[in-house]
Every structure is written in C-alpha cells, then in structure tokens.
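Encoded as structure tokens, the structure appears first; notes follow it.
The values are calculated or read from the model by the stated rules, or taken from the named source; none is laboratory data. Please read these numbers as outputs of a predicted model, since none were measured by experiment. Note that we place each Cβ from the backbone using ideal geometry, even for glycine, and neighbour counts take in every protein chain shown.
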Amino acid sequence: MTTISIKSIASLLIISAGLIAVFSVNGCKVSQKVAAKTGVQLWTENCQRCHNTPSAASFSAEQWETIGLHMQSRALLTDEERKKIVEFMKQ
C-alpha cells in the first residue's frame, strides 16, 4: 500500500490552486481574435452559419438590441461579440 505524504498533498493542492487561478483569469479576457474582428465578420461567422438573416432594415434599433440579447444565449456569444454584431445591424 502506498502512503502519500502531507508534503505531496500540499504540493498538489498548491499546483491545482495555481492552475485554477490562471484558467479563471484567462477565461475572463476577451480573446485577441474576437477583439480584432468587426461586427460584419462576427455576423458572418455566427449568424449566417445557422440561418439566413434578415436585412438590417427589417428591424428597428431597439428590436436589434432585443434580438441580440436573445441570440447571444442561443449562439453562445460573448457580450463583446453581441455588441459588435448589434452595432453593425443597427447601421
């Protein structure tokens, strides 16, 4: 039977805590790839992949805001992606 020392357990806990901290912080950052993309690029990649999208003139600015919130949860968009797409559609 193998005995694990307290020192080994403490080391594993410290390493685990460090990894969790690193992944948590990096997970909150907007990726540089997304940050560099325009609303039209994000619209093409995220909206047109599932369905034909209506023209921007089909809805008012307020309606695009509501549509953006709805589609953010459906398409798993970040806040930044949603904002860029909605601004593009409102132009």
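Here are some notes:
- Just one of the listed residues (E80, E65, E45) is among the acidic types (D, E), surrounded by 12 or more Cβ atoms within 10 Å (Cβ to Cβ), over 17 Å from the mean Cα position of the chain (by Cα) and in a helix (DSSP H, G or I), and it is E65.
- Scanning segment 63-79 for residues that are more than 16 Å from K37 (Cβ to Cβ), of a type in the set (A, V, I, L, M, F, W, C) and touching a Lys or Arg at 6+ places or on another chain (Cβ under 9 Å) returns W64, L69, M71.
- Verdict on A10 being modelled with pLDDT under 90, in a helix (DSSP H, G or I), in contact with a helix residue (DSSP H, G or I) (Cβ under 8 Å, 6 or more places away or on another chain) and of a type outside the set (F, W, Y): no
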